[in-house]
Structure formats: structure tokens, C-alpha cells
Amino acid sequence: MKLRSDLETNVDAINRILATEEELIPSSGFLAAAMERVRDAAAMPAPIPFPWMRALPGIVLAAAVLGWLGFELVQTCVAAAPKPAVLQMQLTAATVRALEPAGWVTLALVVTMLSWLLARRLAGRSGLL
């Protein structure tokens with residue numbers, strides 16, 4: 001009960017303070033200056049669009065060169081690496097049991113991501129975003 005009366009007292013005090021404040025009015029010339037800025041912004045020419053069609057061949061070429069360099073780097077590293085006599089990977093049953101939940105978690109994360117991407121794409125088409 002005491003909390004309620006303190007809250008009502010605080011609300012009454014805030015209402016009294018707000019009722020005694022004078023009304024806010026913009027300074028003289030503010031409206032004219034704001035409208036002048038709006039007109040200036042409306043009169044500005046549209047920005048020049050980026051020439052994607054001209055840039056696309058360069059982007060594709062750069063991606064191809066980087067891909068080729070990566071391929072060559074991997075090939076060189078594989079050729080320089082020492083060859084193991086026999087490479088066998090054996091996991092114990094305890095390790096397999098411990099890793100099994102990680103596979104389910106990964107599957108859940110992938111399904112969640114795919115459903116989120118689908119929902120975002122559908123919302124974008126409907127104009128909600």
C-alpha cells in the first residue's frame with residue numbers, strides 16, 4: 001500500500017512540473033531554414049550510379065586470379081608435405097559417442113539458418129522489410 005501511495009505522489013509531482021512548463025516553440029526563422037534545406041536537398045541531382053557492368057569483368061578476373069593462386073598454393077603445399085606411410089584414422093567407440101551430439105547440433109543449426117534465410121527472402125518479396 002505504501003508503495004502505491006509513493007508512486008501516486010511521484011506521478012502527481014511529475015504532472016505538476018510538466019503542467020507548469022512553458023510550451024516549446026521553435027525560434028524565429030527555424031521553419032524557413034528547415035524548408036530551405038529540404039528544397040536544396042530536393043533540387044540536388046541524383047547520385048551517379050556505380051557502373052557495375054563495367055566493373056564486373058575486373059571483379060571476375062580478380063576472383064579467378066585469387067582462386068588460381070589459392071589452388072597453386074595448396075598444390076605446392078601438398079607436394080612439399082612429407083608422405084605418411086599409412087594414414088588410418090581410427091576412432092574409439094567412446095569418441096564416436098561423444099561426437100554424435102555435435103552432429104545433431106550442427107544439423108539443427110543448418111536447418112535453423114536455412115529456415116531463417118527462407119523467411120527473410122519471403123518477407124523481402126512481400127515488402128515487409
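No lab work stands behind these numbers, since they all come straight from the coordinates. Note that the coordinates shown come from a computational prediction; the quantities given were computed from them, not determined experimentally. As a convention, Cβ positions derive from the backbone with ideal geometry for all residues, glycine included, and neighbour counts pool all protein chains shown.
Numbers below:
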{"item": "The chain - convex hull of alpha carbons, volume per residue in Å³", "result": "427 Å³"}
{"item": "Gain in span if fully extended, residue 44 to residue 28, counting 0.36 nm per residue against the direct Cα distance", "result": "3.1 nm"}
{"item": "Most positive-pole-ward Cα, 13, 41, 52, against dipole of the chain from beta carbon charges", "result": "52"}
{"item": "Extended-chain gain in nm, criterion 0.36 nm per residue less alpha-carbon gap, residue 8 and residue 79", "result": "17.5 nm"}
{"item": "Distance between modelled label sites at residue 108 and residue 65, nm, 7 Å Cα→Cβ extension", "result": "4.6 nm"}
